[in-house]
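Data first, discussion second: the structure below is written as structure tokens.
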Amino acid sequence: MALLQRLGLGRHRVKQALLEERVNALQTALNRCKGVATRWRRTQWGLVTGVGIAMLAVGYVAGLYSQPVKPTITGVAAQPFASARPNDPEAAYSAYQKADYETALRLLRPLAEQRDPRAQTTLGVMYDEGHGVPQDDAQALKWYRLAAEQGYAQAQFNLGVMYARGEADNGHQDNVSAHMWFNLAASRFPASEPMARSAAIKSRDAVASRMTPEEIAHSQQLARDWKPQQRQESEAQ
């Protein structure tokens with residue numbers, strides 16, 4: 001510090017140099033973590049309360065949150081999972097949170113097939129992350145889409161992540177679709193969920209930075225034209 005000052009750098013320049021050092025150190029740590037993570041995990045997110053979701057903070061890739069939004073359960077007492085009845089949503093979500101994926105899968109699938117968007121999203125996360133099932137992008141995409149088409153914001157965000165990562169279109173990024181789903185998620189996360197809404201907005205804007213004005217306009221038109229499907233008590237296709 002004293003040496004820098006003797007070289008003529010003012011206090012402002014010294015602070016700037018220290019800040020740059022910290023940023024560089026953080027970037028080095030993030031890059032080191034990238035080699036370990038399989039899905040861009042770089043740091044941890046805090047818990048988001050409200051609509052009962054938890055978001056794992058993985059940092060940004062050009063500002064893009066690259067981890068799916070994970071449903072969580074609050075205030076659910078321990079349940080005897082082995083004797084839990086089918087169509088018992090609270091037992092299903094509690095089992096998922098306790099990493100009892102076999103029970104969660106058994107209880108969630110009937111709910112998802114009855115077009116429960118929360119169950120569909122949780123099932124999508126299980127396939128996306130390989131929790132209790134083999135990791136399967138096609139299955140994750142299927143369940144996210146079914147929930148997203150009903151207007152479920154968590155699923156819309158996760159679907160946007162898959163398009164942005166190139167996991168929903170034969171390995172090719174689809175920025176127009178990613179932007180549309182992030183835009184819809186940002187509009188549907190309630191104001192009481194600022195972290196979730198902020199993640200969707202930042203991800204949308206990050207994708208927009210890779211798009212032409214014509215692509216952005218097209219995506220915005222798709223979002224305006226989009227209408228949620230009515231939930232039907234029928235088996236998911």
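Side notes on the structure shown:
- A protection proxy built from the mean count of other Cβ atoms within 10 Å ranks the segments 180-190, 105-115, most packed first, as 180-190, 105-115.
- Contour excess over end-to-end distance, with Cα ends at residue 137 and residue 210 and 0.36 nm allotted per residue: 23.9 nm
- Among 176, 133, the order by Cβ neighbours within 10 angstrom, fewest to most, reads 133, 176.
- Proximal aspartates and glutamates relative to residue 98, as straight alpha-carbon distance under 20 Å, when same-chain residues fewer than 8 apart are discounted: 88, 90, 128, 129
- Length gained on full extension, residue 202 to residue 98: 34.4 nm, using 0.36 nm per residue less the C-alpha separation.
- Counting only aspartates and glutamates at least 8 places from residue 227 when in the same chain, those with an alpha carbon closer than 18 Å to its own are 116, 149.
- Global geometry of segment 114-237, whether rounded, prolate or oblate, following the gyration tensor of its Cα atoms and the 1.5 cut on a/c: prolate
- Proximal aspartates and glutamates relative to residue 202, as straight alpha-carbon distance under 16 Å, when same-chain residues fewer than 8 apart are discounted: 193
Taken together, the values in this text are just the output of simple stated rules run on the coordinates, not laboratory data. Nothing here was measured: the structure is a model prediction, and the numbers come from that model. Cβ coordinates were reconstructed from backbone atoms using ideal geometry, including for glycine residues, and neighbour counts include every protein chain displayed.
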